[in-house]
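A.B. asks: Sharing a structure here in structure tokens format.
The values are calculated or read from the model by the stated rules, or taken from the named source; none is laboratory data. These figures come from a predicted structure and were not determined experimentally. Heads up, the Cβs are rebuilt from the backbone with ideal geometry, glycines too, and the neighbour counts pull from every protein chain shown.
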Amino acid sequence: MNPLATSDFHTVEGIARVVCLEGSVAWLEPEQTGGCGSCAASSGCGAKGIGTVASRMEIRRFPLANVDGLRVGERIVVGVCDRALIHAALTAYALPLATALGAGGLAEWAMGSDLATMAATAAGLSAGILAARIGAGRLAARGDLAPHFLRRARPGETCGTGEQ
Amino acid sequence: MKDFVLMMIGAALVNNVILARFLGLCSFMGVTTRIDTAAGMGLATTFVITVSSMADWAVQHYLLDAYGLGFLRTVTFILVIASAVQFTEMTIKKVSPTLFRMLGIYLPLITTNCAVLGVALLLVEGHMSFIGSTMFAFASSLGYSLVMVIFAGLRERLALARVPRLFAGPPIGFIVASLLAMAFMGFSGISAG
């Protein structure tokens, strides 16, 4: 049984389609292609076209343990804990920004030159990206970022209609 | 230091990118259906605005001003922003493919977010130092993220409220956004005081 389906965790849901099966692993392609949730809805905005290129979708394929007998072509609802999304965003974006701004501020205070500040900011950004890599590795090792199977999608269900 | 703090408060609250300058309204209405997605989009945009403003400052001072190419500013900045988004996408993919799968959906939307270009053009008008322009861009984008999260919270509550059928959906969203903009006008008292 899926632990997320019965616990008090709030999940961010998305619809994915099973594209291939490899032993006990199902490979899924997310249907939601824009941050706005227009996905498969018939009247999406211009953002819909940006993320629908085949190569782009292929990059975002992810594996899922096939314990529920999924078949190729099936549409399912997957979810991740909403806190995991916030942790991931903080790790990927806030950490490098904090180190870049910190290093730039220190350089400005110590030297007061634009060139030195730019160099220090770039160095801080690089250090932050390295730190983010370590942090992301820890999150992934704990399994916080892995999506979980929630249920099979209803016919005609899109990510915009899922909560209704 | 005091000047920096005042400038940052002004950029984030008094002259808020969304509610005072009316930039980035597509993502404001499109991505604010849930707090977590709004926060993810806000953080991604904060990163891109800050990084692209650093690059824009260098391009403006060492290329456009130095060679008298000011008329190419808008085109150049669009190129810089697209490159910054591509850089961010590549970095996230390299740092963690799992993170990229979770957060990658927000990045293409940022390329077409006019708030990013708007902040870059405001920086040119400001004639600031490198650290000044970076802090201004960071504060502006923090203000953007703050409004996104507040509005997402309001919309989550609205989803549970009984709204007359004619106002349901985007209409009540726009009414709430205008009320929020009026509330933010109160911050202009800081500058007047």
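A.B. asks: Is it fair to say residue A:84 is in contact (Cβ under 8 Å) with a residue 60 or more places away in the chain and facing chain B (nearest Cβ under 10 Å)? Full working, then the answer.
C.D. replies: Numbers: in contact (Cβ under 8 Å) with a residue 60 or more places away in the chain: yes; facing chain B (nearest Cβ under 10 Å): yes.
When the stated conditions are applied, residue A:84 passes them.
Quick grid of which residues meet (1) of a type in the set (D, E, K, R); (2) within 12 Å of chain A (Cβ to nearest Cβ); (3) part of a loop (DSSP other than H, G, I, E, B):
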residue: B:58; (1), (2), (3): no, yes, no
residue: B:67; (1), (2), (3): no, no, yes
residue: B:78; (1), (2), (3): no, no, no
residue: B:91; (1), (2), (3): no, yes, no
residue: B:116; (1), (2), (3): no, no, no
residue: B:131; (1), (2), (3): no, yes, no
residue: B:142; (1), (2), (3): no, yes, no
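A.B. asks: May I pose another question? Looking only at the stretch B:35-55, filter to residues that are more than 7 Å from chain A (Cβ to nearest Cβ) and not small (Gly, Ala, Ser); which one of those is surrounded by the most Cβ atoms within 10 Å (Cβ to Cβ)?
C.D. replies: Step by step, filter the stretch B:35-55, then rank; the result is B:49.
A.B. asks: Could you count how many residues in the stretch B:93-103 are in contact with a helix residue (DSSP H, G or I) (Cβ under 7 Å, 6 or more places away or on another chain) and in a helix (DSSP H, G or I)?
C.D. replies: Of all residues in the stretch B:93-103, those in contact with a helix residue (DSSP H, G or I) (Cβ under 7 Å, 6 or more places away or on another chain) come to B:93, B:95-96, B:98-100, B:102-103.
With in a helix (DSSP H, G or I) added as a condition, the list becomes B:93, B:95, B:98-100, B:102-103.
Looking only at that region, the number is 7.
A.B. asks: Consider only pairs whose beta carbons are under 9 Å apart and that are at least six residues apart or on different chains; among these, list those whose first residue lies in the stretch A:137-158 and is in contact (Cβ under 8 Å) with a residue 40 or more places away in the chain and part of a loop (DSSP other than H, G, I, E, B) and whose second residue is among the hydroxyl-bearing types (Ser, Thr, Tyr) and buried (at least 16 other Cβ atoms within 10 Å of the Cβ).
C.D. replies: The qualifying pairs are A:145/B:96; A:145/B:98; A:146/B:98; A:158/A:38.
A.B. asks: Which residue, of A:132, A:94, A:122, A:127, is surrounded by fewer than 21 Cβ atoms within 10 Å (Cβ to Cβ), hydrophobic (A, V, I, L, M, F, W, C) and under 22 Å from the mean Cα position of the chain (by Cα)?
C.D. replies: Unique residue meeting the criteria: A:94.
A.B. asks: Now, a different point. Give the residue, chosen from A:156, A:112, that is more than 8 Å from chain B (Cβ to nearest Cβ) and at pLDDT below 80.
C.D. replies: The unique qualifying residue is A:156.
A.B. asks: Follow-up. Considering only the stretch B:64-74, I want to know if a residue exists there that is β-branched (Val, Ile, Thr) and without any contact (Cβ under 8 Å) to a residue 40 or more places away in the chain.
C.D. replies: no
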